[in-house]
1. Using the Kirkwood radius over Cα pairs, work out the Stokes-Einstein diffusion coefficient for chain A at 4 °C and 1.567 mPa s, in µm²/s as a whole number.
2. Can you put A:46, B:51, A:88 in order of accessible area, largest first, using a 1.4 Å probe?
3. Give the residue list of GluC sites (Glu not before Pro) in the range A:1-100 that are DSSP loop and have at most 16 other beta-carbon atoms within 10 angstrom.
4. Given a Förster radius of 35 Å and the C-beta distance between residue A:83 and residue A:57 as r, what FRET efficiency does 1/(1 + (r/R0)^6) yield to the nearest 0.05?
5. Connecting C-alpha atoms closer than 10 Å in a GNM of chain A, tell me which of A:33, A:79, A:53 has the biggest fluctuation.
6. Report which residues of the range B:32-61 become buried by 10 Å² or more of accessible surface when going from the isolated chain to the complete set of protein chains (1.4 Å probe; DNA, RNA and ligands ignored).
7. Probe radius 1.4 Å, ligands and nucleic acids left out: can you give me the accessible area buried at the B-A interface, summed over both chains, in Å² to the nearest hundred?
8. Tell me the accessible surface of residue A:34 in square angstrom (1.4 angstrom probe, heavy atoms of protein chains only), to the nearest ten.
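The values are calculated or read from the model by the stated rules, or taken from the named source; none is laboratory data. Because the structure is predicted, anything quoted here is derived from the model rather than measured. Don't worry about glycine lacking a Cβ; one is built from the backbone with ideal geometry, like all the others, and counts go over all protein chains shown. Note: areas computed on protein heavy atoms with side chains; ligands, DNA, RNA excluded. Shrake-Rupley method; radii C 1.70, N 1.55, O 1.52, S 1.80 Å.
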Amino acid sequence: MRKGILELCIMSIIAEKEVYPSDIISKLKEAELIVVEGTLYPLLSRLKNAGLLSYSWRESTAGPPRKYFNLTTDGKSFLAELNQNWNRLVNAVDTTTQTKRDE
Amino acid sequence: MNKTTQINLGGISFTIDEDAFKRLDLYLHELEAHFEYSDSRGEIIADIEARLAELLTENLRGSDIVTIKNVADAIKVMGAPSDIDDEPVTNQSHRRSEGKDGTWDIKTGKRLFRDPDDKVVAGVCSGLAAYFGIEDPIWVRLTFVLASVTIGFGLIIYIAAWILVPEAKTAGDRLAMMGHSANAKNIAGMIERGLDDLSDTLKENWESITKKKSDDNSRKFFMQKPNSFGDDVLVLRRPSLPAKIVQSAKRKLKSLANRCDDSQYV
């Protein structure tokens, strides 16, 4: 169940603006979505291999160059699809819990 | 005092204590093993190394040398390999097919080996017994003997298995034979059992040796002057020595296994 959600969140973060992994980590940690940071890297590489993400190297002021991720066109349409599914799920859950409360 | 080493982690240079270096090195090797079947192993590890470098820089807060605590903290944040779940769809099928072709990999996690510790001819039967969870290999042996006498196939199958099935040589092989995974705790447990056996054999033999000696000595003691008494005391004291060695080795093993557990390598 967590599986698709984590992908959705990561892609949403990347959709907002180009980010490098540590930015994603701090956001996910804020939202308490991941426990260990290591989880992120295989996931990113999987999304990248699926053609949903791409990255470019950027110089950084502190330390070595960093990988900045952004969504590909495929990634954008996939994210839209994921969002749709998510909304459908939220609606479904809302409706069922709502009826329970009404009874 | 601690020896230090210079390392390049994710493009950043660190001066690192030797024990800290060993820990980091072990962690990275564990990760490599964890992502063994992933096509993007190199990339994932490089990303993780870069992040570890960042975490270490944060942890250092101006200090010059990376200590084991810095490393442990960074590893804790990154997570043990087993906590890093990846569901590589293509890779798992790859793993399974490889198991079928190359080794005798089975769903239970057990692997077929010949057991060199419990063998009559080549350990085929005891290996099979371990594989199928039969407690006493005698039943497998009897089956083979019966099959040889009645249908005649048993001997051929046995010889074929002798050639095809590898002998369990390493501790990891033996654990795989019993269906346990080869982690530090299991290996430590196995060594401990081995030490127990060793201690028992030593005790038995030592007692018989010393008994003989003290018998000789007591005979001498009665027949000769009492100055041989000193030797006798020495001989009598000795039996506790192997037990002591075994005890301390066991303690060290246990603490090692615990440390591995704490750092979540296992």
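1. Working: Rh = 15.1 Å.
Once the numbers are plugged in, D ends up at 86 µm²/s.
2. Working: A:46 65, B:51 25, A:88 145 Å².
From most exposed to least exposed: A:88, A:46, B:51.
3. Values: sites: A:7, A:16, A:18, A:30, A:32, A:37, A:59, A:81; in loops: A:18, A:32, A:59.
Answer by residue number: A:18, A:32, A:59.
4. On the way: r = 29 Å, r/R0 = 0.83.
Given R0 = 35 Å and the Cβ-Cβ separation, E is 0.75.
5. Judging by the Gaussian network model, the answer is A:33.
6. Listed by number, the residues meeting the 10 Å² cut-off are B:40, B:43, B:44, B:47, B:48, B:51, B:54.
7. On the way: alone 17730 and 7080 Å², together 23220 Å².
Roughly 1600 Å².
8. Its accessible surface works out to 20 Å², give or take rounding.
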